[in-house]
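Data block below; observations after.
Bear in mind that the values in this text are calculations on the coordinates, not laboratory data. Bear in mind that the values here come from a model prediction, so they are computed numbers and not experimental data. As a convention, Cβ positions derive from the backbone with ideal geometry for all residues, glycine included, and neighbour counts pool all protein chains shown.
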Amino acid sequence: ENENLRTAELESELSQFKNEVNPQLLYESLETLLTLIHKNVEEGEDYIDHLSSVYRYILSHRKVELSSLREETRAAKNIVHLLNYQFGGRLKLTNLLSEHFNEAPIVPGTFPNLIEMIVRSSIINQYQPLEIKILNDESENDFLTIQYRLNEKLIQDEGTSETFERIQKSYSFYSDKPVVSVKAYDFAYIKIPLLEELEEPVLDSH
């Protein structure tokens with residue numbers, strides 16, 4: 001009975017994470033779109049394409065257990081495209097994963113949520129652009145790594161820690177390996193466990 005309750009709780013948290021639409025991103029995107037429509041119609045249409053791709057991905061993966069790294073990376077690039085209008089093109093997402101990771105399973109929304117979390121917690125300007133790298137550390141083959149240079153805002157939004165906690169809880173449904181955040185020297189690393197397709201949910205023994 002306890003295991004069933006725990007499973008139901010994790011399923012609810014996982015569903016909430018995958019279905020979440022960030023209203024801040026939506027409002028900011030609509031404001032940007034209103035400006036672009038009056039400034040450059042073609043650029044506005046391109047922006048609409050990326051915005052619709054972001055929300056199409058969210059809606060189409062609401063009932064999907066796991067997505068692929070290929071799809072997640074594409075969704076993350078669309079998020080970066082939208083955010084770059086606020087930061088003057090000073091955001092860069094670099095995918096350093098080899099092609100054999102393309103079909104690896106991942107919880108839908110992982111990359112877009114983490115990248116938005118990183119952007120909103122970092123100082124970004126013409127002197128301090130932000131490059132986010134997705135890579136696989138050969139010394140830790142069981143994990144993917146998101147790496148970026150540390151340049152944290154003085155005051156952090158509470159939503160930053162909440163986003164990370166939700167992602168951690170989502171992965172606890174599929175793996176006994178945790179999602180971890182590490183800071184070393186001038187860089188930060190978020191390590192995401194690689195999942196096995198159709199892996200059985202992991203239940204907390206406590």
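Note on segment 18-146: antiparallel DSSP beta bridges, both residues inside, total approximately 45 percent of the bridges counted. Distant-in-sequence amide contacts of residue 151, defined by a placed amide H-H separation under 5 Å and a gap of 5 or more residues or a different chain, comprise 123. Taking a straight Cα-Cα cut-off under 17 Å and skipping sequence neighbours fewer than 8 places away in the same chain, the lysines within cross-link reach of residue 77 are 92, 133.
Here the calculated FRET efficiency for residue 31 and residue 62, from their Cβ-Cβ distance with R0 = 30 Å, stands at 0.70, rounded to the nearest 0.05.
Using all pairs of distinct alpha-carbon atoms, the Kirkwood hydrodynamic radius of segment 139-195 works out to 12.5 angstrom.
For segment 176-192, backbone phi angles converted through the Karplus equation (6.51, -1.76, 1.60; θ = phi - 60°) give residue-by-residue couplings of 8, 8, x, 7, 10, 10, 10, 10, 9, 6, 9, 10, 10, 9, 10, 9, 10 Hz, Gly and Pro being listed as x. Only Cα sites of segment 43-98 enter the Debye sum here, all with the same form factor; the resulting log10 I(q)/I(0) across q = 0.12, 0.23 1/Å is -0.32, -0.96, listed in q order. A simple count of charges around residue 131, restricted to other residues whose Cβ falls under 11 Å of its Cβ and scoring Lys, Arg +1 and Asp, Glu -1, yields +4. With Rh defined as the Kirkwood radius, the inverse of the mean 1/r over Cα pairs, the Rg/Rh of segment 16-144 is 0.98. A simple spin-label model places pseudo-atoms 7 Å from Cα toward Cβ; at residue 156 and residue 142 they are separated by 2.6 nm.
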